Structure formats: C-alpha cells, structure tokens
Amino acid sequence: MSFVAVIGKDNAPMYLTTSDMEQELDLQYHVHAALDVVEEKCLIGKGVPESKELYLGLLYSTENHKIYGFVTNSRVKFIVVIDSSNVALRENEVRAIFRNLHILYTDAVCNPFYIPGESLTSKKFDRAVQKLMSGNA
Amino acid sequence: MQIKPIITYSGSCPLFRSLESQILNAIPLDTCEWRRTFQRPTKHVRLEAQTLQFNVAPLEKYKQGDWSILEHPILHIFVTECNDVDTYKATIREEIDAWLKVLTSYGISDWMILLVETLDMRKTKNFMPRTTVLDKIRLDFGTKNDDRCISVLNPAKFEQKSTESFRCLVQRIRFLMLTSYNRNIVKYEELIRSKREKRNHEGWDFRQYFFMQEDLALIFEKLELPTEALIQYDELDAMFSQFIMHTGFNEKQQWLSHFKRPLSAFHGICLTRLDKFEMREKIREEGVSLLEFRNYLFERQAYLLLTSNEIPEIAKRLLDFLFSTLREVEFIKLECQEGALCCWEFVCALEVLQLCEQAMEPNEVTCFQHCAPIWNLAKDKLYELGKLCGLLPGCTPTSEQLHIVVQLSSGIGDAPPDQQQQFLQATPQLRDRSPNRKPKKSAAQQLKEALGSNQAFQKLYLELAELAISTYKHVTRLRSARLVGLDLGNFYCSLNEPHKAVGFFTDLLRELKAENWHMLSSQTLLELANCYRKMGDSLAYTKTCSSISCCVELETLVRTFYFDEFLKSLKTLKTTLSAQPSSENANFCVLEDHFRILDIEVLNQKPIIQDDHVLVQLKVESLYPRGIVAETIKLCYELQATPLEVAMENVSLTATPSAPKVKESASRLKVELQLVYKQDNRLHSASVACDMPKSKQPVRRTSSTKRKLSPSVQGDFTNFVQAENIALQPGVNCIELKAKATRVGNWQFKQLCVSMSSLEFLSEQLPFAAPCFEISTKPASASLEFKTLIAGIVQPISLNVSGGSFIFPPDAKITLRCSKNLRLRLALDTKDTPPRDDATFESLLQVPLLQFKSFEERSIALEVLTDMPGRKVSKHHELHIALSCPWSRTELQIPIEFQPAMEATCRLHTCGTQKFLQVIMKGLDAHLLLHHAKVKCDVPGVQLLDLNPMPQQPIEIYKSLTVTYLYEIQVEPLKTEHELPIVKVHFVIKYATLTQPEVWRSYGCAFDLVDYTTLFKLQAQLEPNELCRLRTVCNMNLKISKVHENPYTDLMYEVLNDQNLWAVCGRSAGVVSMKDVDSHSISLDVMPLSTGFLPMPSIRLSKYTAGGKSKTDAHSKVHPFPPGQVYNSTKSMQIHVIASVAENL
C-alpha cells in the first residue's frame, strides 16, 4: 500500500499519507482524479439506499498502481493506492484494510475536540494508519 | 478453419451422398429448440453440419479419453433403401446390428437409422400392418429409441410428396444432434475437469489443455452461446495467470518455457482479423510468445463480447489485460527491446478505441467511461516512446535513437491491409460513423508514422491528449480531464507555447483550489508562474509569484524566492501596466490566497453618531513569508438589508472578547444537556442531545461552487474604512481602520481590499458573518416621571434625560421652573443625611448634566413639594413645571397634578340654643401625624371654646381614618344673625409625615358659618306615654315653639315616618302660622305597626310661602330650614311598643 487518503464530503483532503515520498505528488494527482470515479459510483448507488455498499472496489488502475475506494455514510471517502506488483493482495484483504481504516477514522473523529470537516491531525490516527500501511506494503 | 458438427454415415453410402448436399443445406435453414440439461434455459439454435463416412478412429480416441468435442462425430446415421422385408432380414439387419454393436462398444448412443423409400408404399394397400421394413427396423432396434428410426421419401424421385417427410428428417437430425450435444458436452466437461486436476502433474501441458477447453468454447460459440464460450476463455485466462504469477518457477511446468521466447515481435491485438484462427494454428504448430498468446486470448474474448453486443466490456477489460500481461512479462523475465511493450500497449489501446468509436453512439456513456483512460494510456505510451526515441519537442533523434525507431517499427508489424472491415461487417450493429472521413489508418500504421518524425509525433500526441480530455469531459470526469490537461500543458510548455498551456493549468488550478488540494494547487501555480514568465505577462507573473509565496505547503526557500520575484516584478509593474492596456480587472487578486481575515471588530461604542469616526480593528493573517507594505487597506461597508435585530446581535457578539471563538464554534455541533425527570421529580436520565436542524449543516460545501481564480467583482467601495501604508508582518496583524461616519443607517462590512502598487487584493466573501454597526442620529429628550403625587408632603419625582445623538457641553444643565405653590429640590442619594429644611425647595431649579454623553439615558431624582389646599375642592391641583433644555430653545411645559394628603370639613351641631362646631379631618393617601389643632375667629363677639382634651398628643391619620375636633361657638346675644350673617372660622393644624416626624408643616382651612342661630324648637310627645300597643292608635302631640325672633311666619310640618313602623291616621302634614304666637301645639294620630323600641316619627319643618293671587306664583312653595335653625329636641326618642291585647289572646 503506497498511499492512503481520507477525503472529506466536500472533496477536500483531510488526511494524506504515503510511503513513497518520491511519487507523492503523482499519487496525489491520481487520488484526486479518482474522486471522479467515486462520484460516478456514488451516483449509481443512489437509487438503492438499502443495499448500500460502502466499499466501492477498484476505482481505476494504472500501470503501476491500483486505486481502491470506500465511502462512508457521511460521504467521507477513503482512497487507498496499492502497488500493482503486489499481486498477492486479494480483494478481501483490501476490504479489510478499508474496514480497519474506517474504524480508525471513526475513533479519530469521536474525539470531542475534533471539529467535523477539519483535517485529521491526530497523531494516534497517523501512527495507526502508518502501521496499517506498512503491514500491507 | 471450419467448425461444423460432424455427422457420419454408413450403410448405403452412395445413396447418402446423393442426399448429402440437400440435407446439409437444409439443416441451417431453420432453428431447433434446444432443451438443455441442468435447468439451463432452452434456446433456439441454428445448426450446421458436415458429413463424413463412418470411421472408427475418432471413436477410438473418444474411448481413450483423448478426444475433442470439435472433432467428435455428433451423430451416426445408417442409411438404407431396402424396401423388401426379406432382403432386410437377410442382410441389412445384420449390417445394422454390427454397426450398432460397434457404436455401443464405444459407448455411443447417438445414432439414427434412415430408410430411404424409393417406392411409394402407401399407394399399395395390400400391406399387412407391421410388415414394412421400417416397422421391422423399429421392432429390431428401436424398442426404446423409436425416434431414431426414420423413413424418408427419396426426394430425388418424389419431388412433390417428399417435402413433408424430408422436413421431418431434417428436424429429426437437428433434434438428435442437440440431444447428442447435451450428452457430449457434459462428458467433455468432465474430461476437462479431470485434465485440470492433473495440472500439477509432470508432463502436463497447458497448451494441450488450452486447446481442449477452447474446443468446448468453440462449440459453445457455434451453438450461439457466446457468454458460455467466454466463460471458457476467462477460465483459461485466469488459469494462465495463476501459472505465471504463482507457480511460475516450478520445475514441473516445463511447458512454460514455450512461452518464454524473447519478444522479437510485439504486434498488438487486431480485432479485424479475417482468419480468426490464424494464431491458433500458430500456437499449435510453432508455438508463440507470451505476448502473442495473450493477444490471441484477448482477441477471442473481444470477439465473443462483440457477438454478445458488449462492446463496453471490451474497453473495460483492456486495461486489465494490458497491465496484467505487462506484469507477466516482467515476472517471467522476458527479454524484450526497450519500448517494445509501449508499442504493444499503444497499438492495443488504439485498436480497441477504434472499435468503440465505430460501434458506439456518443450518448453511450458507459463505453466512454472505459475509453477515456485508454485514450490517456495511449497518450502516455506515445510520450514514453517519444522520450525514448528523441521525438519530444526540442529534441532531435540521435542515430542510436533512429536505430531504435527502426527496430521498434519492425516489431510493431503490419496489420494485413485488406483484412480490415471483414471482421466488422460480420456484426450488423457496427457502422461507419462518417463516410466522408478517410478510412482510419491502422493503429500500427499510426504509431509507425508518429515514430517517423517529430512533427507526426507531436500531432498524434496532441490529438490523443485532446481526445483523452474531451472523452473524460464527456463522461463528466472533470478531475481526470484536468489531470490530462496538466500533461498537455507541460507538453505545450516544452513546445514553447506557454500561452496554450496556461488554459490547462488554470483549469486544473481552479479544480484543485475548489476542493482545497493545496499541495497540488501550489504545484500548479509553479507551472503557471513558469508559463507567465516565458510569455512575458508581467502582471499575471506578479500575481502568480505572490500566490506562490503564500503557499504554506511549499518550502520556504521556494516561497522566499518567489516573494523576491514578486517584489521585483511589482516595482516594474507600474510602468508596464500603463504601457500595455490589459483586460479590465486584471489587476485583481484573490485576497484569501494571501491573507486570512480573522476578525473584524467595530471599536466604537454603539451606536455610532453621525459625523463621528468609525474605528474598526481588522485582524488579518498575512501568508507572505516576509513583511510587506500595503499602500491602502480598505474595508467597504454597505447598507444592510437584514433586520436590525440580527445586526445588533452580531455586534454584541463581536464586542465580547471571546469573539473569534464564537465564530469558530459556529461549526461545532450545538449539543445540549437533557435531563428527564420522573413524576416524583427524581432524575430519570441525563443525556446530551444534538438538536440540529438539517438546514444548518456544519460543514460547508464547496464542491459545487466554482471558485474563481481572480475575482472580477469589486464591491461598492463608496463607503469604506481604510488605513494607509501598513506594514504587514507574516502572521497575525492588527490594523485599525478609520473613516468618518457620514450616512445614517445600519451598515455591514462587505469586502476587504488590500492595495499594493497596482495590484488589488479583493476578498471573495468575508469568512464569517460580517459585523454590523449602526450610524445614527437621535433627538435628545427630557421628561418627568412621577406617580400619583400628594400635595402637602415631599414627593419624589424623576427627571429622565435621554441624550440621543446630541453632544453635550461639559456644563450642560436643565432648568426647571415651577408654577405657583410648587417647589423643587434635588433629592439626596443617601438616607442618612439629616432631613433638610423646607427652605431648600426652590421654585426655580437648575439640574446640572455632568459628563453627559450622547445616547446616555439618565434619571435624576428630584423632590417636589406643594402646599396643601386649604379648602376642599372638587378638582385636583393642576400645576405645571416648565423645562428648558440645552438642545432646545423652547420651554417644555409639563402639567403636574396633586391630590391632597387630607381634607377638612366642618359641621355645625345644635343643642337647644347651644352651638357646636365639629371639624372632621379625613385622611387620604398619606400617613400623617396631626398636632396642635386650633381654631381662630376674628369676629368680635364670637367666641370659640376648645372642647378637645388637653394636652394633645400627635394623632396619626391615614386613609379612611377621620379625626374630629369639637368646639363650642358662643355668639354674644347682642350680635344677632342679622349683624353677623357669616362667621369666618380658621382652622389650623400642624402635620408631619411619619418618615420625618420632626418637620411640622401647617395646614389651614377656613370655614364660613351661616345660619348658626336656632329659630324654632320642635317637641313631640306620644300619649299614652307608656306602653304603646301594636296597632293601637296613639296620640302624638307636636309642639313648635319659637326660640328666636325671626321673620318666618308660615311653617309647614310633615311627619316623615317609616311606613313599616308607623302609620299616620289622618293628615300627616299641615301648615301653621307663627305670627304673633310663640308656640303651636298640634295633635296627630299615629299607629305603631311593629313591636319593640321604635324611633319617634321624625318631623320636618319648612318655610312655607302660600301661593299668591297672581298666576305666576299661584303655587305654594316650601323651603327647608338649614339644620342650624331648627332644633328637634325629641329627635332621637324611642317608643316602646308592645303587642296588642287582642293578639295576646
């Protein structure tokens, strides 16, 4: 996993981190562009509110990366970029990553001192995400 | 390669051959219902077939489990034209029997016996039932398979009559073929499964397996089941990937080495191949590279998708196909020339794009959703190749690079030129989009041309980039489109056409800024700055430098560099700006990019008075890395449209010291404490609740709003507060802005404008509810406030002064002038001060307004005192106070009313000839002490004797309490009433309030005594005097005697009895003359009507004037005497009445 992004409901980044500093900008551009697909998928999902799946699956892939998406009920998006070379990673594991990320995020925003919509500066959250990222690198 | 199900024939082969073409042509003419096993849906299938003479060899393979469903005969037909039962019995039966035995020995039950009738048996009616050959055959072989034995009229001989029977035959053949497929497919699938199980065994060869399963796919395809065919290919695809990626280096997989051949050729996929199986043969015969194998697999999948009309799926699968193949190539470490894979990807991408473009309507968004990234990929790959081959702008290929181009070009290969369109024509839904357009060059050709020259390369690159952008836009993936724009912009930059790049960069910048991707937007700014510098657009360059220097995401070094650039450029701007007329408002910048408005606070006390100065404290954070001087800072304000109440609220918010926090908390959730009590008031539960209306969402939405890069609207700057030449340090600055309040009204701040040189930084929108302030002018006023005032004692009254917008001089005062009998003084605050003398009351009072400020409201306590009115008057005292105020020249007269504290009345009482004066003091509103009551009479000969007890203690008097003083009047006999018709008596008393018992004030009252002499005396007597009985007539003697000489001669008496108590018998009134008589006695009969002590019937005596002769006063007149002139000595006598005797009985 080379990039993790938490993006607010207004599409502004709330938390961005990467393990690949050299490609950081490039990845950010791609994550930003992936929002297009997120919006597309959310639009399709709007018709059926019951079977709402938070996990959006593969948003798109490039030669080197696969970009996966997840959107919470409050329209906060998680985007994870995974190296294409990591073929061992299965869909289920990606789901698990998002589930964990969702839990971490929920814990972080449950902090009464956190103002909804602001960027996530919690060190604990950062540490946990870094751990999550290195665990699946 | 032909794929047609095989039918074998045996028996009378020449006969069959004569029918063969007719049968084979007839089979595809109609469809047949295919009932499939395992509840799969039935399907109508059009079949084809080929025929072979019966041969055991394929059956041998079938038995060994080494067969292919493609080559396996699907139906075996035995043909005979034997019409003679005997011949049948002699030879044919055995032939059939032998044939069937062979089949059974191979486990095959897909057979059919065809009896061709050359003679029309039905004509001859001498047949016995069950004696025809067909019957015999059925009897012998078709006990269970009745339908497998069929006869047909030879169509060669009975052209007309055979049609029906021939149709039945063909239908039967179709049906039996499908039945056979049902069986054989299941069997074949089992075979495939068992083969697959062995895939890790030694000697297992993927290629064999591949063909085996592909045969099934081909059969499915033949049977018009493309999706099921596709499943076979997908399984093969997945299996292959598995091998490569997971078990790739296992020694057992020897077959893998076949695919490991170096990639000397890297042809892309070709979706317009004429011979679909060209590659299949090659795989089988020579072996192919991984790339070729993959190509073939994808082509097949694409073809099947195309037949099932799922073109978008082809596009969807492409990228996955490309990327996974790349990974496989990498994984098994295939040798290949640099750039070869790029070429391959490019050609594949373009091939699919051409297909989609031709096949799809523009509104089929799903397809274009997949196409857009493919365009982008093609663009990227071309760029990579351009870089490799020295084709990028500004480069010229070296000889080495030219060599690479030659090598790549040969590796790309050619698409067979005349094979085009063939593939497309097979599918009816494809059409030529624009007939006028030149036929598109094949992907390979385009690539070769592009690699051929720099110009061609640029042209193709730009074309692809534009197509990628427009396709992304078409499917509303704007962000992606902008990202492609970034590449395109960079390309234009390297083409040295920065003016073309600017548009793409600004689009991207807008998108990124709108969604607060600061890091990316600052990068884009750097690109833009580069462009503007190259273009020589100094204004835009200056603005961009300024923005960059404020990007906190960038490194300080970069920021300071651009800050210096900004300052440098700013200096030169003045001259250049005047030189080149740029578009309007080009010098506007977005203030929010450079400064952050933290707080705006009005420093004045509210409200602001017209012509005063408005002072505003602006707290602004400068994002510049160093200090900078702003020439002017203006904050404009506009008349407010919202109601005043809200505005005032806002002012009060900002006035509190914690103002910024209040603003921040606007985005916090409003959480409230909720306590729920039980019925007995004990706490049941405590909770917090967030009762937030949906309309007020805490999070601001910006995604939909398109944020401008440069504001084009300057607000109305007719009213503004400003500061000049302000040095703004990095971080928070507090600036005081000032202006004269000229116009009255409620104002709200709208826009902030910071000017530096010729640049104007304008705010988009103030980040919080802009504070409001009021400029006003208001008249001053003064009024008196009092409750019911009581005359005679000190009363509080307050002077209320409302300052308004009047500016008071330091020695301002209000003069109060009282009307007569009214005096004022200032009240003292403390109660401990000794009571002051009444002399401190003045009728003209000056109230100083010390330090009186505008809009102050002050209440000044005064005390007012007025004399108690001497006589009882019906009206209240009406007095007034006139105010003269510093702001007005006219006097303001305020009427003021008093009610008396008490009132005095007097009554004259008579006892025979003695006269008494009773003074009654009636308490009203005040609570007072009375003391030293005195009467005075200055009339000579009149003496007043004080009958009140001595010495007098102060007496309290209050509301509804009366105090009475009694005096006897003695008038000297000589002084008759003739001489003194009126005696004036002065009553004087001292009073004090309970609160100030030591301050005694005087109250005086004058009474006029008239008719104070007794003229007549009345006496009444009842007889019998004792024991009056009820309803017994008594005699009442009335005696009127003259006491004092007087002029009244005719008197009238009336008995005024209570009708319940007394009844007068006879006359109750009469007139007597007192002329020359001193007394008169009258006797009347009265009867008591009630028992008990009854009051004597009262008698009224009046002056009587008899009516005269004249008409005018024909009537007699009766005038009552005033109470002092008649004395009734028996007035209050009571008579004891007892019950009558009769009643007692």
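Read the figures in this text as sums done on the coordinates, not as results from a lab. Small disclaimer: the values here were computed from a predicted structure and weren't measured. Using ideal geometry, Cβ is built from the backbone for each residue, glycine included, and neighbour counts are taken over all protein chains shown.
The table below lists the values:
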read-out	value
Mean separation of Cα contacts under 8 Å (6+ apart) over length of the range B:271-427, as relative contact order %	33 percent
Sites B:M950 and B:H880, calculated FRET efficiency, Cβ-Cβ separation with R0 45 Å, nearest 0.05	0.55
Value of relative contact order over chain B, rounded to a whole percent, pairs C-alpha under 8 Å and six or more apart	5 percent
Computed Rg/Rh of the range B:6-200, alpha carbon atoms with Kirkwood Rh	1.00
Pairwise centroid distance, computed over Cα atoms, of the range B:453-498 with the range B:292-329, Å	26 Å
Surrounding net charge for B:E891, when Lys and Arg each add one and Asp and Glu each subtract one, Cβ distance under 15 Å	+3
Inter-part distance where the range B:1031-1070 and the range B:736-810 are each reduced to a Cα centre, Å	85 Å
Around B:K778: net Lys/Arg minus Asp/Glu count, Cβ-Cβ under 14 Å	-3
Contact order normalised by residue count of the range B:1016-1143, Cα under 8 Å, 6+ apart, percent	33 percent
Unit charges at the beta carbon, dipole of chain A: most positive-side option, A:T121, A:V109, A:S134	A:V109
Scattering profile of the protein assembly as shown at q = 0.04, 0.05, 0.08 Å⁻¹ [log10 I(q)/I(0), Debye over alpha-carbon scatterers]	-0.57, -0.68, -1.11
Net length gained if the chain between B:T905 and B:S843 were fully extended (0.36 nm per residue, minus Cα distance)	19.3 nm
Volume per residue that the Cα convex hull of the range B:498-576 spans, once the total is divided by residue count, Å³	74 Å³
Acute angle (nearest 10 degrees) that the helix B:226-246 long axis makes with the longest principal axis of chain B, alpha-carbon atoms	90 degrees
Chain B, helix-only ellipticity at 222 nm - DSSP H runs n ≥ 4, -39,500 (n - 2.57), divided by all residues, nearest 500	-10500 deg cm²/dmol
Chain lengthening between B:T143 and B:N1037 when straightened (0.36 nm per residue, less Cα-Cα)	305.4 nm
Cα coordinate range in the range B:913-1033, projected on the principal axes (Å, largest first)	65, 43, 25
Acute angle (nearest 10 degrees) that the helix B:365-388 long axis makes with the longest principal axis of chain B, alpha-carbon atoms	70 degrees
Size descriptor, Kirkwood hydrodynamic radius, that averages inverse alpha-carbon separations across the range B:478-540, Å	11.4 Å
Residues B:M1087, A:M21, B:M868, sorted so that the one with the fewest Cβ neighbours within 10 Å comes first	A:M21, B:M1087, B:M868
Footprinting exposure proxy for B:F293, B:F504, B:F211 (fewest neighbouring C-beta atoms within 10 Å first)	B:F211, B:F293, B:F504
For a label point 7 Å along the Cα-to-beta-carbon line of B:E1045, residues of the range B:980-1024 with backbone N under 20 Å	B:980-982, B:1011-1017
Non-local Lys pairs in the range B:6-200, i.e. 8 or more apart or on different chains, that have alpha carbons under 20 Å apart	20
Eligible aspartates and glutamates near B:K778 by straight Cα distance, threshold 15 Å, same-chain separation 8 or greater	B:D611, B:D612, B:E856, B:E857
Environment charge at B:T788 (Cβ cut-off 10 Å; Lys +1, Arg +1, Asp -1, Glu -1)	-1
Proximal aspartates and glutamates to B:K568, defined as alpha-carbon separation beneath 18 angstrom and excluding residues fewer than eight positions away on the same chain	B:D537, B:E631, B:E760
Distribution of pairwise C-alpha distances over the range B:987-1035, 5 Å bins, in %	5, 12, 11, 8, 6, 7, 7, 7, 7, 7, 9, 8, 5, 1
When the range B:1016-1143 is reduced to its Cα atoms, the Kirkwood hydrodynamic radius in Å	15.7 Å
Rotationally averaged projected area of chain B (alpha carbon convex hull; nm²)	111.4 nm²
Ellipsoid semi-axes in whole angstrom, largest first, where each is sqrt(5λ) of the Cα gyration tensor of the range A:3-135	20, 20, 14
Spatially proximal aspartates and glutamates relative to A:K77 (Cα-Cα < 17 Å; intrachain offsets below 8 disregarded)	A:D10, A:D36, A:E39, A:E40, A:E53, A:D107, A:E118, A:D126, B:E515
Total charge dipole magnitude, the protein assembly as shown, about the Cα centre, Cβ charges on Lys, Arg, Asp, Glu only, Debye to nearest 20	2180 debye
Charge dipole (debye, nearest 20) of the range B:6-200; +1 at Cβ of Lys and Arg, -1 at Cβ of Asp and Glu	740 debye
Burial ranking of peptide ranges A:103-111, B:265-273 (average Cβ count within 10 Å, highest at the top)	B:265-273, A:103-111
Proxy reagent accessibility, fewest Cβ within 10 Å first, across A:R75, B:R93	A:R75, B:R93
